[in-house]
Amino acid sequence: MVRIIPKEVKFFEMFAEMAANLTDGARVFSEYLKDCNGTDPVQVRNQVKDIEHRGDEMTHAILKKLNQTFITPFDREDIHRLASSIDDVLDFVNAAADRMMLYKIYNPPAAAAELAALVVRQSEEIAHAVKLLERNPDHVMQHCVEINRLEDEADRVARGAIAHLFEHEKDPITLIKFKELYEVLELATDKAEDAANVLEAVVLKSA
Amino acid sequence: MVRIIPKEVKFFEMFAEMAANLTDGARVFSEYLKDCNGTDPVQVRNQVKDIEHRGDEMTHAILKKLNQTFITPFDREDIHRLASSIDDVLDFVNAAADRMMLYKIYNPPAAAAELAALVVRQSEEIAHAVKLLERNPDHVMQHCVEINRLEDEADRVARGAIAHLFEHEKDPITLIKFKELYEVLELATDKAEDAANVLEAVVLKSA
Amino acid sequence: MVRIIPKEVKFFEMFAEMAANLTDGARVFSEYLKDCNGTDPVQVRNQVKDIEHRGDEMTHAILKKLNQTFITPFDREDIHRLASSIDDVLDFVNAAADRMMLYKIYNPPAAAAELAALVVRQSEEIAHAVKLLERNPDHVMQHCVEINRLEDEADRVARGAIAHLFEHEKDPITLIKFKELYEVLELATDKAEDAANVLEAVVLKSA
C-alpha cells in the first residue's frame, strides 16, 4: 500500500501519544492508591495534574490539526470524539486525585484503588487498540470488548462500594466525600467505554 | 413511491422496537412505584435491568448497522443522536430502579411515582412519533411538542419535591438518597426531550 | 465581496442576539449576588428565568433555521454546537438562581458572587467573539484565549470554596446546598469554554 497522503499518518501517532499519556496518569494515581498509608495526596495530585495538562495540550493539538486538515484518515467526527473521550478519561482521573486533596482523604477506601486499577487496564487496552488502528484494524475489536467488560466490572465495584457506604457510614460528610470519589472514578471508566465505542465505529466503517 | 433502497427501511423498524422496549421499562418501574407498599425493590430492579440490557443490544445493533450502511434514510448524525437519546432515557430509568435497591428505598415518595408516570407518557409519545416518522412526518411534530410539555411538568414536580425535601427532611443521608432519585428521574425526562429535538430536526430537514 | 447568499448572514445576527441575551442573564444574577443583603432570591430568579426562556426560543430558532437551510456560513455541526453551548451557559446561570430560591439561600457566600462575575466576563467575551466572527475572524482567537483563562480562574475559585466548605461547614445540609451552588456556576464557565472551543474551530477551518 502506497501512502499518498503521508501527512495524515500523524493522527495515529498523536492518538498513540495521547493513550500513552493517559496510561501514565492512571498508573501514577493507581500506584499511589495501592500503597499510600496516610501519605498526603498533594504530591500525587500534582503529578497527575501535570500529566493531565500535557493531555490537554495533546487534545488541543489534534483538534487544531483536524480543523486545518482537509483529508483525514478516518471520519472527522470520529477523530473529534476519540480525542475528546480519551481526554475525558484523564480529566476524571485528575478529578479523583483532586478530590483526594480537596477533601483531605488520606486513607482512601480499598474500592477506590480497585477502580483506579480498572482505569489503568482500560487505558492500556485503549493504547493497544489505537496502535492497531492503522495497520491491523481487524484486531482492534477484541480490545474494545475488553474495555467494555472492564467498565461493567467497575460499575459493579462502584455500586457495591456505594451501597456499603449507605449501610455503614454514619457521618454524612464522609459519605459525600467517598461517594463522589467512587462516582468520579466510575465516570472515568464510562469515558473509556465511549472511546472504545468510537474505535469500534471506525473499524466497522472501514470494513 | 417506489422503494429502491428497501434495506434502509429497517432503521425505522429498529427505532420502533427501541421505543417499545423503552416504554416497557418505564411502565414496569412506574407500575411498581404506584403500588409498592414497602415491597423490596430488588425484583422490579432486575426486571428493569433486563429490559435495559435488551435496549443496549438494540442501540448497539442500530449503531453497527449505521456504520455499515452507506445510504441512510435520514442524516447519519441524527440516527446516532436518536438512538443514543432513547438509550439514555432507559439508562436513567434503570439508574432510578438501581438507586432504590442500593439505597434500600422501600417506601418511595409520591413524587417519584409522579415522575416515573411522566417518563411513561413521554416514552409512549416517542413510540408514536417514531412510528409516524417514515410515512407521516407531518404528524411527528405534535408528539414532540407534547414530550417537551411533559418535560416541563417533570421539572416542576422534581423541583417542588426537592424544595420540600430541603424544608422538611432533617436526616442528611435520607435527603441525599431522595434528592438523587428525583434527579435521576428528571434526567430521564431531559433525555426524552433530547429525542424529541432530534425527531423535530429530522422532520424539518425533510420538509 | 458580494453576498450572493444574503439569507445566511442571519445566522451571525442570531448568534449576536443569543450572546447579548446570555450577557443580560449573567449580569442580572451577578449584580444581585454582589449586593443582596438577605433579599429573597425569588425576584432575581424570575428575571433570570424569563431571560433563559428567551434564550431557549433563540436557540430553537437557530436550530430550526439550520435544519431548513442548505448552505450555511460555517459547518452545520459547529452551528449546532455553538448554539447549544451558549444555551447551556445560560441554563446553568438559571440553575444557580433556581437553587438559591429552592434552597432558600438568602445570604450567598462571596465565592458565588465571584463565580457569577467570571461568567459575566466570559459572556462578554463570547459576545465580542461572535461579533467578529463574520468580518474579522482573525481577532476571534484572543477572546477564546481569555474565555479559557477565565474558566481556569473559576475552577480555582470553586475548588477553593469547596475545600473551605469541607473544612469549616459542620452542617451537612448547608454543605450540600453551597457545594451544588458552586458546582452549577463552575459548570456555566465550562460551557462557556465549550463555546470558545467551537469558535476556535470555526476560525481554524476558515483560515
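Taking every C-alpha pair closer than 8 Å and separated by at least 6 residues, the mean separation divided by the residue count of chain C gives a relative contact order of 29 percent. Looking down the axis that turns chain C into chain A, the chain C residue with its beta carbon nearest that axis, and the gap rounded to whole angstrom, comes out as C:Pro172, 2.
Between the alpha-carbon centres of segment B:163-203 and segment B:4-79 there is a gap of 20 Å. In this Cβ point-charge picture (+1 for Lys and Arg, -1 for Asp and Glu), segment A:8-206 has a dipole of about 280 debye about its Cα centre.
The magnitude of the dipole of the protein assembly as shown, with charges of +1 and -1 set on the Cβ of Lys/Arg and Asp/Glu and taken from the Cα centre, is near 820 debye. Convex hull volume of the Cα atoms of segment B:142-207, normalised per residue: 55 Å³. Among the trypsin sites (Lys or Arg not before Pro) in segment A:20-110, those placed in a DSSP loop whose Cβ has at most 15 other Cβ atoms within 10 Å are A:Lys104. Taking C:Asn94, C:Asn37, C:Asn148 in turn, the Gaussian network model of chain C (Cα-Cα springs below 10 Å) assigns the largest fluctuation to C:Asn37.
Tell me which of B:Ala19, B:Met101, B:Leu165 sits at the most positive position along the dipole axis of chain B, charges placed on C-beta atoms (Lys, Arg +1; Asp, Glu -1). Of the candidates, B:Ala19 comes out farthest on the positive side.
The 3J(HN,Hα) values that the Karplus relation (6.51, -1.76, 1.60; θ = phi - 60°) gives for segment B:53-67 are, in residue order, 5, 4, x, 4, 5, 5, 4, 4, 5, 5, 5, 5, 4, 4, 6 Hz. Gly and Pro appear as x.
With its label point defined 7 Å out from Cα along the Cα-to-Cβ axis, B:Met141 lies at 4.3, 4.3 nm from the matching points of the other copies, in increasing order. When the Gaussian network model of chain A links Cα atoms closer than 10 Å, the mean-square fluctuations of A:Ile51, A:Ile126, A:Ile71 top out at A:Ile71. Sites listed here are chymotrypsin sites (Phe, Trp or Tyr not before Pro) in segment C:39-132 whose DSSP assignment is loop and whose Cβ has at most 10 other Cβ atoms within 10 Å: C:Phe70. Among A:Val140, A:Val145, a tally of other beta-carbon atoms within 10 Å of each Cβ gives an order, fewest to most, of A:Val145, A:Val140.
Look at the dipole of chain A built from charges on Cβ: of A:Phe29, A:His80, A:Ala117, the Cα furthest out on the positive end belongs to A:His80.
Per DSSP H run of at least 4 residues, take -39500 (n - 2.57); add these up for chain C, divide by its residues and hand me the 222 nm value, nearest 500 deg cm²/dmol.
Calculated mean residue ellipticity at 222 nm is -29000 deg cm²/dmol.
Normalised by 2.2 N^0.38 Å, where N counts its residues, the alpha-carbon radius of gyration of the protein assembly as shown equals 0.95. Which value in nm describes the separation of the simple spin-label points at C:Glu153 and B:Lys104, placed 7 Å from the Cα toward the beta carbon? About 4.9 nm, to one decimal. Over segment C:82-159, the fraction of Cα-Cα pairs per 10 Å bin, rounded to whole percents and listed from the shortest bin up, is 17, 44, 28, 10, 2. Fewest neighbouring Cβ atoms within 10 Å first, the residues C:Ser84, C:Ser123 line up as C:Ser84, C:Ser123. With label points set 7 Å from Cα along Cα→Cβ, the inter-copy distances at A:His168 are 3.4, 3.4 nm, sorted shortest first.
Quick one: net charge of A:Met101's neighbours, Cβ under 11 Å, K/R +1, D/E -1?
+3
When Rg and the Kirkwood radius Rh are both evaluated on Cα atoms of segment B:7-206, their ratio Rg/Rh stands at 1.01. Restricting to DSSP loop positions (anything but H, G, I, E, B) with no more than 16 other Cβ atoms inside 10 Å of their own Cβ, which trypsin sites (Lys or Arg not before Pro) remain in segment A:151-200? For trypsin sites (Lys or Arg not before Pro) across segment A:151-200 that sit outside H, G, I, E and B with at most 16 neighbouring Cβ atoms in 10 Å, the list reads A:Lys170. Against the longest principal axis of chain A, how steep is helix A:140-168, in degrees 0 to 90 to the nearest 10, with axes from Cα atoms? The two axes meet at around 20 degrees. Number of Lys-Lys pairs in chain A with C-alpha atoms under 18 Å apart and a separation of 8 or more places or on different chains: 12. In order along segment A:111-121, the phi-based Karplus estimate (6.51 cos²θ - 1.76 cosθ + 1.60, θ = phi - 60°) of 3J(HN,Hα) comes to 5, 5, 5, 4, 5, 5, 5, 5, 5, 4, 5 Hz; Gly and Pro are listed as x.
Just so you know, all these numbers are worked out from the coordinates, no wet-lab data involved. This is a predicted model, so every value here is computed, not measured. Using ideal geometry, Cβ is built from the backbone for each residue, glycine included, and neighbour counts are taken over all protein chains shown.
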